[in-house]
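*Asks:* Dropping the structure in here first, questions after.
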Amino acid sequence: MFQENGINAKIKSATVKYHSSGQYYVSLKCEKNVQLEEEIDWSSVPDDQIIGLDLGLTHFYIDSNGKKVENPNYLKESLIKLAKLQRQLKNKKIGSSNYKKLQKKIAKLHLHIANKRKDFLHKESRKLVNENQVIMLEDLNVKGLIKNKKLARSIADVSWSMFKTYISYKAAWDNKKVVLVDRFFASSKQCNECHEKNTLLSLSDRFWVCPKCGTLQDRDINAAKNIKEEGIRLLRTPSLVA
């Protein structure tokens, strides 16, 4: 099959996994010789080939050009159905055939949610890598953020860590660059026009007026622009970027 599709790779090993939904998966570990790409001087990449992304919950991400991509909320969409199945499972005798059938049904629904999420993340990460030379991301502390009980489910559903992983390896394959901006960088509170910090800004403020220059700021677009600007600063200082 590999040869028919023109993939000149040697299969080193195969791992078979069984999912509780009743499906089997085979992962192949392959070895292939690839030609190294020429090293790029990242500090000279034009600004219009660089994009900054602010990851969020209402919108999955907002880019420095002002584009907002909606969060699909795959888990949230299926919560009612999932809760109904789990209530039915509670009323079944543990170990019975009906109990096992419901268990498999719940596992299939979880798998369906996960697959839809992965499909979305793959498509968005591929599109971003195809359209840009350098992608700036905020290095979010997901483990810390998920400790917030009110937001834990939403943060888990949005899968920022998986998205970062997908973008990173796709960029590496295509000889492109991902720059992570420090999580403590004040991307939301800093005005992109005059760089004044609005220390009184709260999470509920989606729009705010800069107290110094009077510019009306969209919180998320402003943050994405600041992430891009900070990423470019890091990019133009080679010692700061791996």
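*Asks:* Could you please let me know if Arg236 is over 21 Å from Lys68 (Cβ atoms), in contact with a Ser or Thr (Cβ under 7 Å, 6 or more places away or on another chain) and surrounded by fewer than 19 Cβ atoms within 10 Å (Cβ to Cβ)?
*Replies:* yes
*Asks:* Given the criteria of a type in the set (D, E, K, R), touching a Lys or Arg at 6+ places or on another chain (Cβ under 9 Å), within 25 Å of Val179 (Cβ to Cβ) and not in a strand (DSSP E or B), does Arg126 qualify?
*Replies:* Yes: the conditions hold for Arg126.
*Asks:* Let me ask something else. Looking only at strands (runs of 3 or more DSSP E) that lie completely in segment 1-110, which have at least 2 residues being touching a Leu at 6+ places or on another chain (Cβ under 6 Å) and within 21 Å of Ser154 (Cβ to Cβ)?
*Replies:* 59-63
*Asks:* Would you mind finding the one in Val69, Val45, Val34 that is of a type in the set (A, V, I, L, M, F, W, C) and surrounded by fewer than 13 Cβ atoms within 10 Å (Cβ to Cβ)?
*Replies:* Unique residue meeting the criteria: Val34.
*Asks:* State all residues of segment 158-185 that are assigned to a loop (DSSP other than H, G, I, E, B) and either without any contact (Cβ under 8 Å) to a residue 40 or more places away in the chain or touching a Ser or Thr at 6+ places or on another chain (Cβ under 9 Å) (or both); if no residue qualifies, say none.
*Replies:* Phe184
*Asks:* Could you tell me whether segment 68-82 includes any residue that is among the charged types (D, E, K, R) and free of Cβ contacts under 8 Å to residues at least 24 places away in the same chain?
*Replies:* Within segment 68-82 (the criterion being among the charged types (D, E, K, R) and free of Cβ contacts under 8 Å to residues at least 24 places away in the same chain), the answer is yes, since at least one residue qualifies.
*Asks:* A further question follows. Could you run through segment 186-208 and say how many residues are assigned to a loop (DSSP other than H, G, I, E, B) and either of a type outside the set (Asp, Glu) or closer than 13 Å to Ser125 by Cα (or both)?
*Replies:* Looking only at that region, the number is 16.
*Asks:* Also, I was wondering about something else. For segment 101-113, state whether one or more residues are exposed (fewer than 12 other Cβ atoms within 10 Å of the Cβ), more than 28 Å from Gly231 (Cα to Cα), more than 13 Å from the chain's Cα centre (by Cα) and not charged (D, E, K, R).
*Replies:* no
*Asks:* Out of all the residues in segment 131-167, which are of a type in the set (Asp, Glu) and surrounded by 13 or more Cβ atoms within 10 Å (Cβ to Cβ)?
*Replies:* Within segment 131-167, Glu138, Asp139, Asp157 qualify.
*Asks:* Condition (residue is closer than 29 Å to Glu38 by Cβ, assigned to a loop (DSSP other than H, G, I, E, B) and within 24 Å of the chain's Cα centre (by Cα)) applied to segment 222-241: is it met by at least one residue? Talk me through it step by step, then tell me what you get.
*Replies:* In the first step, residues of segment 222-241 are kept if they are closer than 29 Å to Glu38 by Cβ; the result is 227-241.
Going one step further and asking which of them are assigned to a loop (DSSP other than H, G, I, E, B), we end up with 236-237, 241.
So of that shortlist, the ones also within 24 Å of the chain's Cα centre (by Cα) come out as 241.
Within segment 222-241, one or more residues are closer than 29 Å to Glu38 by Cβ, assigned to a loop (DSSP other than H, G, I, E, B) and within 24 Å of the chain's Cα centre (by Cα).
*Asks:* Residues to consider are Asn175, Asn226; find the one that is surrounded by 13 or more Cβ atoms within 10 Å (Cβ to Cβ) and either polar (S, T, N, Q) or at pLDDT 90 or above (or both).
*Replies:* Details: Asn175 fails: surrounded by 13 or more Cβ atoms within 10 Å (Cβ to Cβ).
Just a single option satisfies the conditions, and that option is Asn226.
*Asks:* Could you tell me how many of the residues in segment 208-217 are in contact with a strand residue (DSSP E or B) (Cβ under 6 Å, 6 or more places away or on another chain) and either at pLDDT below 90 or acidic (Asp, Glu) (or both)?
*Replies:* 1
The values are calculated or read from the model by the stated rules, or taken from the named source; none is laboratory data. Fair warning: this is a prediction, and the values are worked out from it, not measured in the lab. Every residue, glycine as well, gets a Cβ built from its backbone with ideal geometry; the counts of neighbours run over all protein chains shown.
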